[in-house]
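This report concerns only the one structure given below.
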Amino acid sequence: MIDYTFLGQGLETGEVWSLSWLNPLAPRALTPFTNSLLVEVAARAWYLYFDRLGFQPAPRSRLVRVCQGRPYVNLSISARLEAEQAGIEPVRLCLDGAARPLAGWHKPGLLASLKRGRADKKIEDLLAALQSELPGTTARAQGWYQRVMALRWSQAEVLQIMEEIERVGAAALLPFFAARHTLEAACRRLLLVQREGTPQQRAARLAVALGGSARTVELDLANRVTALGREAAASAAALAWLRGPVDSNWQQSLPAGAFGEAFEQFMALYGQRAIGEGEMAVPRWQEDPASLVGALQAAAAGERSAAQPLPADPAPLLAAVDSSQRKETHHLIERMRRAVELQSGGLHAFAFVLAGTRRWALAAGREATVDQRLLASEDVFFYELEEVKQMMTGEWNISDRSRIHATAGERRAQLLQAQQVVPADLVWGEREARRDPAVLPAAAGVASGMAAEELPSPGCVWVCPVGESAAAVLLPASAALLIAQGSLIDPLADCARALGRPAVVGAHVGEGAAAGLSVDGNVGRVSSR
């Protein structure tokens, strides 16, 4: 059970907005362009999900709001829809020590229970359908990305792609939305339903019950980096290439041989990905492979002894709930394990849309620099998607150059300020609430090493801001993982379990960590050595 505390006194009613929901996509304060895209496509994906369930969602519902430069997802709107349309018990949050449901709900009678059972079957069927559709969803997103990358960017092509972004983005985001909605609700339920225990003990039981998935994109990323590191260590030419300046022209200098072939294959599969890829102002690996090269240098410098992946063991969690709730608990654990894989694949599909939209935005930015509406093409990310469309269609034209330039300057300053803010976990109505600052287990085991906050070194304790997907390339060289902001359902936490790396979430490292850290993922403890 995770307790949230208001920054101030007293409770209040209102919509509940969660920061954690989009953590794998929004690891830090985002540019206006990226936020505006997430606001639009997340709302569309929400509608597609509940429409396929037959729950009669309201079109154009406000699902995402931006606070302090970060997107927060409305938890209340989904809880009300599920309670009203299907009799599903709303998620409860522990706020100021009291468990509060996200929507009104009455315990169902026999007929309502039957309705609830049919709704649960619909959810199971839709999750299974989305998983079976995922290869096709990914192929369509990849096909759109490849078409975007091949364009020469005439004004007509800029306008054509502009009309496709939101539709393509919503279809690609749907699997992630369905998976994340499932994981968030089930995780909160299973933390709350346990009879006893500290937050650390409850989280540890759930992490052990989930284990690590063997079929995620993140695990494939990590395994491929490990294999590339071995190839590099065996080749003087590959090591020299990794140590040299590797830039956007990496293909021209890539050494021949096994390492070069494997690197090209990696880029063909994952060149559209990047650490921090949720922010579209961030270059993809295909454009700038610096973070990937750093991961390969660490993997080549010294491979850790192989750790054993953590198998799923639901027994401790099942023993911690009442016997009447064990069937539901086992059902939720299995649903979460399937949703972890759907979340991973959904993020990979949506990454194609993010990369293609970045390419379009830069092309639109270059178009706007011709008459100096923009001073640099990268300034395009300081405008919302609709504002960029207005510039491209002439609604925001050259006569407004001074206002356009001033807008970019103001928003750049706002983003820098937002990046310095420690965000609230929840917004309840108009009041901020923060999580109990407890460090929580995410993957069992104990390991020590020097703290590394940028690129990892062999045997380090890697400190990362958020458990995002593509950061899995940095895990192979690490002895343990410390996620500052996130939860045990995030892609990186699952990858740590699959690799047998101890991990905790909710921990921040101070200046005293230079001597090294010890991470105990069994109990959620971080200490200086």
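The values are calculated or read from the model by the stated rules, or taken from the named source; none is laboratory data. In this text, all values refer to a predicted model and were calculated from it rather than measured experimentally. For neighbour counting, all protein chains shown are included, and Cβ atoms are generated from backbone atoms with ideal geometry for every residue, glycine included.
The residue pairs whose first member lies in the stretch 389-400 and is within 14 Å of Ile161 (Cα to Cα) and touching a residue at least 60 places away in the same chain (Cβ under 8 Å), whose second member is surrounded by 15 or more Cβ atoms within 10 Å (Cβ to Cβ) and charged (D, E, K, R), and whose beta carbons are closer than 8 Å, counting only pairs six or more residues apart or on different chains, are Met392/Glu367. Of the numbered criteria (1) in a helix (DSSP H, G or I); (2) surrounded by 18 or more Cβ atoms within 10 Å (Cβ to Cβ), the one Lys327 fails is (2). Among the residues of the stretch 99-139 satisfying the criterion of being part of a loop (DSSP other than H, G, I, E, B) and surrounded by 13 or more Cβ atoms within 10 Å (Cβ to Cβ), which is modelled with the lowest pLDDT? For the stretch 99-139, the residue satisfying everything is Pro108. Within the option set Ala295, Ala301, Ala312, being closer than 25 Å to Val461 by Cα, in contact (Cβ under 8 Å) with a residue 12 or more places away in the chain and touching a Ser or Thr at 6+ places or on another chain (Cβ under 8 Å) holds for one residue only, Ala301. Among the residues of the stretch 404-439, those identified as within 21 Å of the chain's Cα centre (by Cα) and of a type in the set (S, T, N, Q) are Gln419, Gln420.
Residues in the stretch 421-439 that are surrounded by fewer than 17 Cβ atoms within 10 Å (Cβ to Cβ) and either charged (D, E, K, R) or under 15 Å from Pro27 (Cβ atoms) (or both): Val421, Val422, Glu430, Arg431, Arg434, Asp436. Here the helices (runs of 4 or more DSSP H) wholly within the stretch 183-274 that include at least 2 residues being of a type in the set (Phe, Trp, Tyr) and touching a Lys or Arg at 6+ places or on another chain (Cβ under 9 Å) are 258-270.
Residues in the stretch 253-270 that are within 18 Å of Tyr145 (Cα to Cα), among the small types (Gly, Ala, Ser) and in contact with a helix residue (DSSP H, G or I) (Cβ under 7 Å, 6 or more places away or on another chain): 0 in all. Could you go through the stretch 82-98 and let me know if any residue there is assigned to a loop (DSSP other than H, G, I, E, B), modelled with pLDDT under 90, within 17 Å of the chain's Cα centre (by Cα) and farther than 22 Å from Glu166 by Cβ. Scanning the stretch 82-98, I find no residue that is assigned to a loop (DSSP other than H, G, I, E, B), modelled with pLDDT under 90, within 17 Å of the chain's Cα centre (by Cα) and farther than 22 Å from Glu166 by Cβ, so the answer is no. The requirement of being of a type in the set (Ser, Thr, Tyr) and at pLDDT below 95 is not satisfied by Ser344. Among the candidates Ser448, Ser469, the residue that is farther than 20 Å from Val217 by Cα and touching a residue at least 12 places away in the same chain (Cβ under 8 Å) is uniquely Ser448. The strands (runs of 3 or more DSSP E) located wholly in the stretch 355-468 that include 2 or more residues which are within 30 Å of Ala207 (Cβ to Cβ) and modelled with pLDDT of 95 or more occupy 440-443. Of the candidates Ser235, Ser253, Ser248, the single residue that is farther than 30 Å from Ala186 by Cα, surrounded by fewer than 17 Cβ atoms within 10 Å (Cβ to Cβ) and touching a Phe, Trp or Tyr at 6+ places or on another chain (Cβ under 8 Å) is Ser253. In the stretch 363-389, the qualifying residues are those that are among the small types (Gly, Ala, Ser) and surrounded by fewer than 21 Cβ atoms within 10 Å (Cβ to Cβ), and the one that is nearest to Leu159 (Cα to Cα) is Ser377.
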